[in-house]
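Colleague: Below is the structure I would like to discuss, written out as C-alpha cells.
The values are calculated or read from the model by the stated rules, or taken from the named source; none is laboratory data. All values derive from a computational prediction rather than experimental measurement. Note: ideal-geometry Cβ built from the backbone for every residue, glycine included; neighbour counts use all protein chains shown.
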Amino acid sequence: MTERHSMTRLGTTRGVGRAAHEHPGRPAPGWPAVILRVAGSALLIATAAIHLDLYLTGYRTIPTIGWLFLMQVIAAFGLALAVLAIPGRLIIPSRLAAAAGAGFALATLGGYLLSVWTGLFGFTEVRTTAGIVAGIVEVAAFAVLAALALAPAAANAPGGGAVAAPATFPAQISPAIARAAGITTAALAAVALLLLGVAAAGANPAVPAATGTALKTTTIDGTTVLTNAKGFTLYSFAPDTPASSKCYGSCAVYWPPVTGTAAGQHLPGTLTTITRTGGSHQLTYNGHPLYTYIGDTAPGQARGNDLNLNGGLWHEVPASR
C-alpha cells in the first residue's frame, strides 16, 4: 500500500510538473481582444468629446446640423459604453457592438467629408484643427473596432473550462472570411485617411465675410442691423476693444472677421478699421470689430445674436449712430 501510494503521488507530481512545463506563464485567453475593446471604447469617447465641444461652441444653433451633432455625441458615448461593458464571452453581442461602433465611426467621417465637399443640409464645413483630429480619431476607431469584431472567440472559458464555440456566423468566423475582411478593413482605413487628407487640403479656412465690398443695412425681427454685401448679419464680440479683436484661432473659424476698407462706405455710424495679427484690416463699426457667423446659412438670419460662445457674448450690430 505504501509503495502504491508513493507511486500515485509521484505520478501526480509529474503530471503537475509536465503541465507547468508545457504552459509556463500562459497568458489569460483573449487578452488582445481586451486591449482592442478598451482602445475602441476610448476612441469613441474621444470623438464624442470633440463633437460635444463643437456642439457647445458654435454648431448647436445651426439648423439640422446642430441636433445631428448632439445625436452623434449621444450615439458615440452609448456605443463606447456598449463596447466596453459587454463581456467577450457574450460572443455575438460583443461582435455586434464592435461592428456598430466601427460603422458609426466610418459614417461620421463620411458625413464630415460630404459637408466639406458638397455641403450638408445647406451647411458647408470649413477646415478646423478639431475637424481634422476628429477625422483621424474616427479612422482609428473604425480600424480598431473592426479588428475587435473580427477577433477569434476565446477557446477557453474563464477558469480554464473548455467551451464549445458555436459553429455559426457571426459567433464563429472562419479564418478565410476573417482574412478577407481584415484586408478590406485595412484598405478602407487607408482610403479614408487619403480622402481625409484631400478634404483637409481642399477645404476652405474661415473666409473673410466682406473683403472689398460695401456694407449695408437690413431689418431683422423689427431691428435694423448691419450686414455684409450679401445680406449676412454682422456681429460684435463683447470681449473686444475698439482697437483690438480677441477672436482668433477656432473662434475666427466660427465667427469670420469682416475685412476690407472703410473708404466709400455710407452708413449712419462710424466705420473704421483695425489691424489684426497677420496684417489684415478688420472693419469696425462704432468701435466694435465686425464678424459674421458660420451658423447663418442665408441672408436675413441672426442665429448668432445673444449667444455666449468662444469666451464671450455676441450681438448683432444695430445700424444706428
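Colleague: Kindly indicate which of A243, A238 is outside the structural domain of T128 (by TED's automatic domain parsing), touching a residue at least 24 places away in the same chain (Cβ under 8 Å) and under 31 Å from the mean Cα position of the chain (by Cα).
Modeller: A238
Colleague: Within region 102-109, is even one residue over 17 Å from A141 (Cβ atoms) and among the β-branched types (V, I, T)?
Modeller: no
Colleague: Suppose we filter region 48-94 for residues that are at pLDDT 95 or above and among the β-branched types (V, I, T); how many remain?
Modeller: 3
Colleague: Can you pull out the strands (runs of 3 or more DSSP E) entirely within region 210-320 that have at least 1 residues that are modelled with pLDDT under 95?
Modeller: So the answer is 216-220, 223-227, 271-275, 281-285, 312-316.
Colleague: Is it fair to say T297 is of a type in the set (V, I, T) and within 25 Å of the chain's Cα centre (by Cα)?
Modeller: Judged against the criteria, T297 is a match.
Colleague: Inside region 67-93, can you point out the residues that are free of Cβ contacts under 8 Å to residues at least 24 places away in the same chain, surrounded by 15 or more Cβ atoms within 10 Å (Cβ to Cβ) and of a type in the set (G, A, S)?
Modeller: G78, A82
Colleague: Kindly establish whether R60 is assigned to a helix (DSSP H, G or I), of a type in the set (D, E, K, R), more than 30 Å from P152 (Cβ to Cβ) and not assigned by TED's automatic domain parsing to the domain that holds N308.
Modeller: yes
Colleague: Let me ask you something else. Being surrounded by 14 or more Cβ atoms within 10 Å (Cβ to Cβ), over 22 Å from A85 (Cβ atoms) and modelled with pLDDT of 90 or more narrows it down to one of L145, L120, L188, so name that one.
Modeller: L188
Colleague: So is P256 touching a residue at least 24 places away in the same chain (Cβ under 8 Å), surrounded by fewer than 16 Cβ atoms within 10 Å (Cβ to Cβ), not assigned by TED's automatic domain parsing to the domain that holds E125 and not aromatic (F, W, Y) or not?
Modeller: In short, no.
Colleague: For the condition modelled with pLDDT under 90 and either surrounded by 13 or more Cβ atoms within 10 Å (Cβ to Cβ) or not assigned by TED's automatic domain parsing to the domain that holds A99 (or both), what is the one hit in G161, G135?
Modeller: Among G161, G135, only G161 is modelled with pLDDT under 90 and either surrounded by 13 or more Cβ atoms within 10 Å (Cβ to Cβ) or not assigned by TED's automatic domain parsing to the domain that holds A99 (or both).
Colleague: What residue, among those in region 273-321 that are loosely packed, with under 15 Cβ neighbours inside 10 Å and of a type in the set (S, T, Y), is farthest from W67 (Cα to Cα)?
Modeller: T275
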